[in-house]
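For reference, the structure discussed in these notes is given below.
Laboratory data are not the source of any read-out in this text; all were calculated from the coordinates shown. Just so we're clear, the structure is a prediction, and the values are computed from it rather than from any experiment. All Cβ positions, glycine included, derive from the backbone under ideal geometry; neighbour counts span all protein chains shown.
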Amino acid sequence: MEEVARVVLALEEHDVAEEVLHFLDRTGRARVVATASDEHQLSEAVRQLEPDAVVASPRLATSAQLNGSALLAVDTSESVQTLRRALKAGAKGFFLWPADRGELARAAARVFAPGARERETLGRVVAVYGPRGGAGATFLATHLAASFARRERRCVLVDLDLAVADIGPAVGAPMDGSPRTIADAVPMGDELAARHLDELLWQHPDGFRVLFGPNDVQQSERLTAKDVGPVLEAVRSAADLVVLHVPRGMDDTVRLGLGLADVVVMVLALDVLSFRAARRAVEAAGMDDRCSFVVNRATRRQISPRDVERVFGRPPVAVIPVDRRVPAAQDQGRLLPKRSRAGRSVDRLAAKLLEQLEEGS
Ligand SMILES: Nc1ncnc2c1ncn2[C@@H]1O[C@H](COP(=O)(O)OP(=O)(O)OP(=O)(O)O)[C@@H](O)[C@H]1O
Ligand SMILES: [Mg+2]
């Protein structure tokens, strides 16, 4: 039996259809088996292919024959009329593209095997992304995980940097003897259950757990974004909060991590190229509405945190000062205590993010 939801996709706008198709494929939980651009094609595809789900615009869905397939309605704008149409067509949900892409991926996965996938709670996802090298993504991801744990949340830090995989040494984990990594989780796919995760996650003394990146190049070269999708879902079911340490660049794994995130912490340095890289990343991943900008290593420079508002339309949620204890601690695999300068700022950021995430749940 196939392990992914088979989806027929029917959206009027070709570009949007392409984006949704690639996104669903990348989640590893859904596969688009046919696309349709009018109601006749849609009815025919449903009749022939009997998909697990139809992802369609409300207009096409109301005028086609869906033969009882689960309908997930998608549109790029939300109006009373589109919502009414979605309702009339019996949609299981309405998803605004691209803002609700994470929700869409989860809904598509649930459609396939409601019993197995319908978990009571799935952890919220915070992706930490430094668009330019050395901005401080690793520092922030590790310290946010510790702050969430301090606030009594079950937190798992996942190293999605499959090539560099430096979260282990950054948090002082014993890396000799090939510890269990994300590569060990992949072969279990959908079967990955809480009890397996207990064996795969490393417990940090500060209370959060860690899923390490691959131990070596061979391991990392075998992994694809498709493999990683089910692992992330399993991790979410075992956590209140998942902190994704997302590498630079914009490959499929990066897009998967950013796409699943409820909040993307965009780590900026106060320099022109960092802002430029952030602008490009926001555009490439369609994540403007989910981005929280954080200025790290702030000193008096020509560019100031105020420029964040000018460039991105909103002020930074946190400005983390330069703290010379950060590199020293990172080199020794230690996390800074909460009372340090930078530690205090990250802790306040964690509190803000929690408020934002839990307000919306
Ligand atoms: N607030 C800070 N004050 C002083 N040094 C910092 C601060 N944040 C990070 N650093 C230091 O800057 C360097 C880069 O930080 P980090 O490794 O977290 O960045 P990164 O975005 O993960 O980089 P890469 O792109 O290489 O993965 C490290 O030496 C780190 O210790
Ligand atoms: Mg890093």
Query raised in the report: Could you state the number of Å between the C-alpha centres of the stretch 235-302 and the stretch 306-321?
Result: 14
Report summary line: For V80 and R276, extending 7 Å from Cα along the Cα-Cβ vector and measuring point to point gives, in nm, a value of 4.8
Requested in this report: Quick one: net charge around F212, please, counting Lys, Arg +1 and Asp, Glu -1 for every other residue with C-beta under 11 Å from its C-beta.
Outcome: -2
Query raised in the report: Taking the chain as a Gaussian network, where each spring joins two C-alpha atoms under 10 Å apart, which residue of K226, K88, K338 fluctuates the most?
Result: K88
Query raised in the report: Which residues make up the longest stretch of the chain clear of GluC sites (Glu not before Pro) that lie in a DSSP loop with no more than 16 other Cβ atoms within 10 Å, not counting the sites?
Result: 153-361
Requested in this report: Identify all aspartates and glutamates with a Cα-Cα distance to K88 below 17 Å; exclude those on the same chain that are fewer than 8 residues away in sequence.
Outcome: E39, D75, E78
Query raised in the report: Say we join alpha carbon atoms closer than 10 Å with springs in a Gaussian network model of the chain; which of D176, D331, D216 then has the biggest fluctuation?
Result: D176
Requested in this report: Would you mind pulling out the separation of the Cα centroids of the stretch 177-193 and the stretch 5-61, in Å?
Outcome: 31
Query raised in the report: Using a simple spin-label model with points 7 Å from Cα along the Cα→Cβ vector, what separation in nm is obtained for E13 and R300?
Result: 4.7
Query raised in the report: Summing +1 for each Lys or Arg and -1 for each Asp or Glu, what net charge is found among the other residues whose Cβ lies under 10 Å from the Cβ of R153?
Result: +1
Query raised in the report: Quick one: of the DSSP bridges fully inside the chain, what percent are antiparallel, nearest 5?
Result: 5
Query raised in the report: Summing +1 for each Lys or Arg and -1 for each Asp or Glu, what net charge is found among the other residues whose Cβ lies under 14 Å from the Cβ of S292?
Result: -1
Report task. With r as the distance between the Cβ atoms of K352 and E199 and R0 = 41 Å, compute the FRET efficiency 1/(1 + (r/R0)^6) and round to 0.05. Result -> 0.75
Query raised in the report: For V311 and Q48, what does the FRET efficiency come to when R0 = 41 Å and r is the distance between their Cβ atoms, rounded to the nearest 0.05?
Result: 0.25
Query raised in the report: Among T142, T253, which comes first, second and so on when ranked by fewest other beta-carbon atoms within 10 Å?
Result: T253, T142
Report task. Using a 10 angstrom cutoff on alpha carbons, build the Gaussian network for the chain and name the most mobile of A135, A284, A149. Result -> A284
